Amino acid sequence: MQSELLYKYPKTILNKGTGFLSGYTHSLNPYTGCAYGCSFCYVRQMPVSTFREGEWGRWVDVKKGAADLLQKELTRAKKKGKVTIFMSSSTDPYQPVEHEERITRSLLEVMAEDPPDFLFVQTRSPMARRDIDLFLRLKNKIRVSMTIETDREEIRKHFTPDAPAIRGRLKTLQLLKEAGVPAQATIAPLLPSSRSFPDLLREYVARVCIDDFFMGDGSGGRRTENLGIREKYEELGLEKWYDPVAYQKLMRRFQRVFPDEQIYVNRDGFMP
């Protein structure tokens, strides 16, 4: 379903890193709202969503003039000290609207010219491959984190029907690897997967981050419970995966394939 686009002219673009992102000086969101509208997205329970008319996923604010704002704010911030940026905390910087609007690319162009100390790019979109040229200009000051919650496409369609297919995300990880861009696969929130999931990811990355609803939604799982996600597991007869200890089972599977130092859990996998 097409999302309604609204054009906004924000007064600021860099936000102070707080809470889960307190390891960063700033967060950066090229858009407000997200067309992927994932069923489990914790942002559904935050004011940015609850105080808006229209269902989460059906509207997107496009931040016009974002690059000019970033240029000014980045210059100011760097004068005060180290600058580390998380992009993005409450939207996907490579959702479909980016094809036309190119807000994310304009922000990366600014940072390629005047790099922060570190940039973390969080996405679940294969479109990230488009900007490999800019990622390379940031050298070792960037990490691209590609969300791959499961290796089972039928599970992906059940929980995130409007998100990109897994195959395209893996292809982008392959291209990032071949180009030499620092990257990781982020299994967050972990969804039911096959035993061969770790072997699949081993081909593409040397770093994985595992997170679940209970550690990762900022409320010990209460926000996720309010979204009715338990019922989505029950529909599939996979309630055992909706459990605070399910991540340990997945960890054991990954530890058979990845060295411990390449496996990160929860917040540690997102830090600079």
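The values are calculated or read from the model by the stated rules, or taken from the named source; none is laboratory data. Note that the coordinates shown come from a computational prediction; the quantities given were computed from them, not determined experimentally. For neighbour counting, all protein chains shown are included, and Cβ atoms are generated from backbone atoms with ideal geometry for every residue, glycine included.
If I go through region 22-41 residue by residue, how many of them are among the aliphatic types (A, V, I, L, M) and modelled with pLDDT under 95? Can you show your working first?
In the first step, residues of region 22-41 are kept if they are among the aliphatic types (A, V, I, L, M); the result is 28, 35.
Subsequent filtering for residues that are modelled with pLDDT under 95 retains 35.
So the answer is 1.
Tell me the residue from VAL62, VAL110 that is assigned to a strand (DSSP E or B), modelled with pLDDT of 95 or more and in contact with a helix residue (DSSP H, G or I) (Cβ under 6 Å, 6 or more places away or on another chain), please.
Values: VAL110 fails: assigned to a strand (DSSP E or B).
Checking each option against the conditions leaves just VAL62.
Considering only region 76-87, I want to know if a residue exists there that is under 13 Å from the mean Cα position of the chain (by Cα) and surrounded by fewer than 20 Cβ atoms within 10 Å (Cβ to Cβ).
no
Does PHE213 satisfy the criteria of being farther than 19 Å from GLY168 by Cα, among the hydrophobic types (A, V, I, L, M, F, W, C) and under 19 Å from the mean Cα position of the chain (by Cα)?
Working: farther than 19 Å from GLY168 by Cα: yes; among the hydrophobic types (A, V, I, L, M, F, W, C): yes; under 19 Å from the mean Cα position of the chain (by Cα): yes.
Answer is yes for this residue.
When region 138-186 is examined, which residues are found to be at pLDDT 95 or above, exposed (fewer than 15 other Cβ atoms within 10 Å of the Cβ) and outside any helix (DSSP H, G or I)?
ALA165, GLY180
Run down ARG207, ARG223, ARG195, ARG202 and say which single residue is under 19 Å from ASP268 (Cα atoms) and surrounded by fewer than 23 Cβ atoms within 10 Å (Cβ to Cβ).
Numbers: ARG223 fails: under 19 Å from ASP268 (Cα atoms); ARG195 fails: under 19 Å from ASP268 (Cα atoms); ARG202 fails: under 19 Å from ASP268 (Cα atoms).
Answer to the check: ARG207.
How many residues, within region 231-259, are of a type in the set (D, E, K, R), exposed (fewer than 14 other Cβ atoms within 10 Å of the Cβ) and touching a helix residue (DSSP H, G or I) at 6+ places or on another chain (Cβ under 9 Å)? Step through it out loud before you land on a result.
Of the residues in region 231-259, the ones of a type in the set (D, E, K, R) are 231-232, 234-235, 239-240, 243, 249, 252-253, 256.
Cutting the leftovers down to exposed (fewer than 14 other Cβ atoms within 10 Å of the Cβ) gives us 231, 234-235, 239-240, 249, 252, 256.
So of that shortlist, the ones also touching a helix residue (DSSP H, G or I) at 6+ places or on another chain (Cβ under 9 Å) come out as 235, 239-240, 249, 256.
Looking only at that region, the number is 5.
Answer yes or no: is there a residue in region 193-207 that is modelled with pLDDT under 95 and either of a type outside the set (Gly, Ala, Ser) or within 29 Å of VAL83 (Cα to Cα) (or both).
Let us first name the residues in region 193-207 that are modelled with pLDDT under 95, namely none.
No: region 193-207 contains no residue that is modelled with pLDDT under 95 and either of a type outside the set (Gly, Ala, Ser) or within 29 Å of VAL83 (Cα to Cα) (or both).
Which residues, taken from region 198-225, are of a type in the set (A, V, I, L, M, F, W, C), touching a helix residue (DSSP H, G or I) at 6+ places or on another chain (Cβ under 7 Å) and in a helix (DSSP H, G or I)? Spell out the reasoning first.
Looking only at region 198-225, we keep the residues that are of a type in the set (A, V, I, L, M, F, W, C), and these are 200-201, 205-206, 208-210, 213-215.
Next, from what is left, pick out any that are touching a helix residue (DSSP H, G or I) at 6+ places or on another chain (Cβ under 7 Å): 205-206, 208-210, 213, 215.
Passing the criteria: PHE213, MET215.
Per-residue answers, yes or no, for (1) free of Cβ contacts under 8 Å to residues at least 40 places away in the same chain; (2) among the charged types (D, E, K, R); (3) more than 20 Å from GLU154 (Cβ to Cβ); (4) touching a strand residue (DSSP E or B) at 6+ places or on another chain (Cβ under 7 Å):
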position: ARG202; (1), (2), (3), (4): no, yes, yes, no
position: ARG230; (1), (2), (3), (4): yes, yes, no, no
position: GLU235; (1), (2), (3), (4): no, yes, no, no
position: TRP241; (1), (2), (3), (4): no, no, no, no
position: GLN248; (1), (2), (3), (4): yes, no, yes, no
position: GLN255; (1), (2), (3), (4): yes, no, yes, yes
position: PHE258; (1), (2), (3), (4): no, no, yes, yes
